[in-house]
Amino acid sequence: MSKVAIRGLYKIFGPKDREMVELVQGGMTKPDLMEQHGHVLGLEDINVDMAAGEITVIMGLSGSGKSTLIRHLNRLIDPSAGEILVDGEDVMKLGRAQLRALRQKKMSMVFQKFALLPHKTVQENAEMPLSVQGVDVSEQTAQARKWLARVGLDGFEDRFPAQLSGGMQQRVGIARALAANTDIMLMDEAFSALDPLIRTDMQDLLLELQAELQKTIVFITHDLDEALKIADHLVILKDGRVVQQGEPQDILLNPNDPYIEDFVSDINRARVLRVRSVMKPVSTDSFDGDVTANATLEDLITLSDGDTNRLYRVTDGNDVLGQLDMKDLVKALVPRTTTGPG
Amino acid sequence: MAGYDGVFDTLGLRDWCDQDKADAPMSMAQLLAQSGGDDGESTPLAFPSLDTLHESCARISQTRDVTEGLEQGFLGIRAELKYVLDPLTQPLSWLLDGTLFVFETTPWWVMIPLLVALSWFVSRSKPVTVFVAGVLVFFSIIDHYDVAMQTLAIVFVCTGLSVLLGVPIGIGMSKSQTAQRIIVPILDLLQTLPTFVYLIPLIFLFSVTESKIYGIAVIVYAIVPVIRLTDLGIRLVDQDVVEAANAFGMTPAQKLARVELPLALPNIMAGVNQTIMMSLAMVVIASMISAPGLGVLVLRGIRSLDLGVGIVAGLGIVLLAVILDRVSKAALARVDTHRGHQ
Ligand SMILES: Nc1ncnc2c1ncn2[C@@H]1O[C@H](COP(=O)(O)OP(=O)(O)O)[C@@H](O)[C@H]1O
Ligand SMILES: [Mg+2]
C-alpha cells in the first residue's frame, strides 16, 4: 500500500467548481472553461501513488498546478472531485479536529518563501510545531535544539529569521518540519529561492537526511536537474495534467511527450544517467572490467578513457546484474525523440 | 385656495383631503399669508413641498409635524433605550469618576514621577521621557496641572476602553466579510458625522451630570481608527506565514494569538496612536457637555472673550497632544524594530 495516494483528483477554481468537473471530464479544455464559464482549471484527473520512504518529485513549469496539487495533501485546498488517501484513510472524510491532528502529526511542510514567524527566534520557530501540539516545554526545547544542530544551525538559536541568509532561513524551515516528527514531509519549491551553490548544499543536506530518516517526501520543483538529483519517483505536470510519471532514469530515456523531450534535451545526460538504466543482460564472459550499477555514465567514460570498444560487467556488491557495451552508452547520451532525429 | 388644488381635484382625492380639515394647525407660511391678506395663490409654481401641498390638501402633514414626529418618536423610545443603555454604560461613569478622582487626589510629587516612569517604560526613549517631564513641570508652573490631569485621565480611560472594544471588533471584521460589509459604513458615518451632531442624541438620553455622557461621545468618536487598523493589520498579515500556521495544524485561536495579532501589532499600534489623538480632540469638544479639563478653559475663553485663558489652554492641549503622540509613536517604533531587522 502506498503511503499517499491521489485518485481521480480534479481541482477547478470558481464558485461552481463541482458542476464544472463533469464538463472537464466530458473533454472541455482549460481555455474553453475559462472563456465559457469563467472557471480556472487547476488540476485534471491526477492519479499518483507515493511510496513510503521515497522522495516523490512533482515537476512542471510555473503555473502547471504543482502548488495546488501539494496543498491537497494536507487539505490547505479542497478538491473539486477525487480522493486523497493518507495511510489508506480519505483525507476528505476528516473533521476539523482530525484534520488538525493530521497536519500536526502526519505531515509537515517546507515553503518556498520559508514562512517563518518573523517575531520569533530561530529556536522558537523550530519549537513551533511541538508547541502547537502541546508537547512539554523541555521536550520542545530539546527537539528543536537537536534538529537545528542537525541542519547546521548550532549557535544561531537566539537570532531572528531576518538576521539570517536565505539558505539559513530555509535550514530553519527544514528543522521546523523535522521537529514536527512526521512521516510525511511536503516541500513546495523549498530550494527555488536560493542561490545555485547554496541550493546544491541544501539538496545534499536533504539527501543525507533522507538516507538517515527515510521519510515520505513530496518535493516540488520546476528544475529538472534538481528533480533528477533527488527523485525516486518523478511526476511531470503540465497545465494541470500528469504527462508522464515513473522512475526518473526511465523518463529520461523514454520520454513519451514532446513537452518532456524539450525538458530533457538540455540535461547533461552523462552525469544523470546511471549504468543500471543503460545495461543489457549478460551475453558473454570476457569483460574489460567491472562497474557498479549506480555509477553514472560520466564515471564510466572516465574509467574507459573514452574507448568505445570496451565492454564492462555491471555489479552490485557480489551480484552480477548485466553488461554494458560502451557503444550503448554513447547512444544513450543522445536524446531519443518520439518525432525522430532532429 | 392654493396652487395645487387642481391636482388633487383631478386625481379625485378632494374628499379624502378634506376629511378632517378642521383640526389641521396652520403653517407659518399660512399665518404669514393671512396676516398679509394674501390668499397664497400668488406663487402657483411653488415647489410642491410638504407645507405647500398641505395648503391644498389638509391630510398631508406639514414639515414641522415631521420633525415633531421624529422628536416624539425619539422621546417615545427614550425610556426603553435608557432602560437598556443605562446599566450597560453605568460602569463607564464609575470608571471615569474613579480615574478622575485618582488623578486629582494623587499628589503631584507622586503623579509626575509616575507618568515620567510610564513614558520611559512605554517608549524606552530618553529624549521623549525628558520632554514629557518638561511638559508636566511646565503645566504645574503655569497652574494648569489639575486641568491637564483631568484631560489626561479621560483620555486614558477612553483610549483604554476603545482598545478593549475596538480590537475584538476589528478581529471580527477581518474574519468575516459580512461583518466587514456591515461595520465599514457605520465607521464611515462616525468619521464623517460632525462631532457636534452626535452630541444631540446623547443629551436626550443621558443627563449632563453623568460622566458617561462625554465618555460615550469620546469613545464613539475615537474607537474608529483602532477598529479599522486592527482589521487592516490582520488582513495584511503575510499569507505565507498564515498558511504555515495552518499547515502545522494551529487552531484558529492559536493562529490569532501566535501569528495574526503579533504580525498585525505595528498596524494596531498605529491605530491606537490615532485613537489617543482623537480622544484628546474629542475631550476638548465634549467640555460642552460637561467634560472637565483643559477644554473647559478653552470654552470659558470663547464665552467670555477671555483671549489669554483660551490661548494658554489651547497651547496646553497642543503640548498634551505632542507628548501623547511622541510616547505612543516611540512605542510603535519599538514594536517594529523588535524583530531583528537591522
Ligand atoms: N485561488 C485561485 N484562483 C484561481 N486560480 C488559481 C488559484 N490558485 C491557483 N490558480 C491557478 O491554477 C494554476 C496553477 O497554479 P499553481 O498551483 O500555483 O502553479 P505552480 O505552483 O505550478 O506554479 C495557475 O494557472 C493559477 O493561475
Ligand atoms: Mg508554486
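The values are calculated or read from the model by the stated rules, or taken from the named source; none is laboratory data. Bear in mind the structure is a predicted one, so any value in this text is a computation, not a measurement. Every residue, glycine as well, gets a Cβ built from its backbone with ideal geometry; the counts of neighbours run over all protein chains shown. Surface accessibility is based on the protein's heavy atoms, side chains included, excluding ligands, DNA and RNA. Shrake-Rupley method; radii C 1.70, N 1.55, O 1.52, S 1.80 Å.
For segment B:174-227, what Kirkwood radius comes out of the mean inverse Cα-Cα distance, in Å? Intermediate results must be reported in sequence, preceding the final value.
Working: mean 1/r = 0.0807 Å⁻¹.
Over segment B:174-227, the inverse of the mean reciprocal pair distance is 12.4 Å.
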Keeping all protein chains in the complex and leaving out DNA, RNA and ligands, what accessible area do you get for A:LYS327 with a 1.4 Å probe, in Å² to the nearest 10? 100
Output wanted: per-residue J couplings in Hz (rounded whole) for segment B:327-336, from phi through Karplus 6.51 cos²θ - 1.76 cosθ + 1.60, θ = phi - 60°, x for Gly and Pro. 5, 6, 5, 5, 5, 4, 4, 5, 4, 4
Over chain A, what lengths in whole Å, largest first, do the semi-axes of the equivalent ellipsoid take, defined as the square roots of 5 times the eigenvalues of the alpha-carbon gyration tensor? 37, 29, 18
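Keeping all protein chains in place, calculate the accessible area per residue for segment B:101-158 (probe 1.4 angstrom), answer in Å².
Details: 3080 Å² over 58 residues.
In whole numbers, segment B:101-158 has 53 Å² accessible per residue.
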From the phi of every residue in segment A:41-46, what ³J(HN,Hα) in whole Hz does the Karplus formula 6.51 cos²θ - 1.76 cosθ + 1.60 yield, where θ is phi - 60° and glycine or proline is x? 7, x, 9, 10, 6, 8
Which three extents, in whole angstrom, do the alpha-carbon atoms of segment B:77-120 cover along their principal axes, largest first? 48, 21, 11
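All other residues with a Cβ under 12 Å from the Cβ of A:THR141 taken together, and with Lys, Arg as +1 and Asp, Glu as -1, what is their net charge?
Details: positive: A:ARG145, A:LYS146; negative: A:GLU124, A:GLU127, A:ASP136, A:GLU139, A:GLU157.
In short, -3.
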Grab the alpha carbons of segment B:78-341, take their convex hull, and tell me the volume per residue in Å³. 147
Could you give each residue of segment A:297-306 its phi-based ³J(HN,Hα) in whole Hz, using Karplus coefficients 6.51, -1.76, 1.60 with θ = phi - 60°, and x for Gly or Pro? 4, 4, 4, 5, 4, 4, 4, 8, 6, x
Filtered trypsin sites (Lys or Arg not before Pro), segment A:1-85: DSSP coil and at most 16 other beta carbons within 10 Å: A:LYS16
As a test, work out the antiparallel percent of DSSP beta bridges whose residues both lie in the protein assembly as shown, rounded to the nearest 5. 55
Going through A:LYS113/A:LYS238; A:LYS66/A:LYS146; A:LYS11/A:LYS146; A:LYS16/A:LYS106; A:LYS3/A:LYS93 one by one, the pairs whose alpha carbons sit over 29 Å apart turn out to be A:LYS66/A:LYS146; A:LYS11/A:LYS146; A:LYS16/A:LYS106
For the protein assembly as shown, alpha-carbon Rg and Dmax in angstrom: 38.3, 137
Rounded to the nearest 100 Å², what is the sum over both chains of accessible area buried where B meets A, with a probe of 1.4 Å? 2000
Can you give me the long-range amide H partners of A:THR315? Hydrogens built in the peptide plane at 1.01 Å from N, cutoff under 5 Å, separation of 5 or more residues or another chain. A:VAL291, A:THR292, A:ALA293, A:LEU321
For segment B:78-341, give the percent of accessible area contributed by carbon and sulfur heavy atoms, probe 1.4 Å, rounded to a whole number. 73
Taking every other residue with Cβ under 13 Å from the Cβ of B:LEU96 and scoring Lys and Arg +1, Asp and Glu -1, one gets -2
For A:ARG171, what is the net charge nearby, where nearby means another residue's Cβ is under 10 Å from its Cβ and Lys, Arg count +1, Asp, Glu -1? +1
Hey, could you get me the Stokes-Einstein D for segment A:189-342, Kirkwood radius over alpha-carbon pairs, 4 °C and 1.567 mPa s, rounded to whole µm² s⁻¹? 76
Checking every Cys Cβ in chain B against the others at 4.7 Å leaves as unpaired B:CYS158
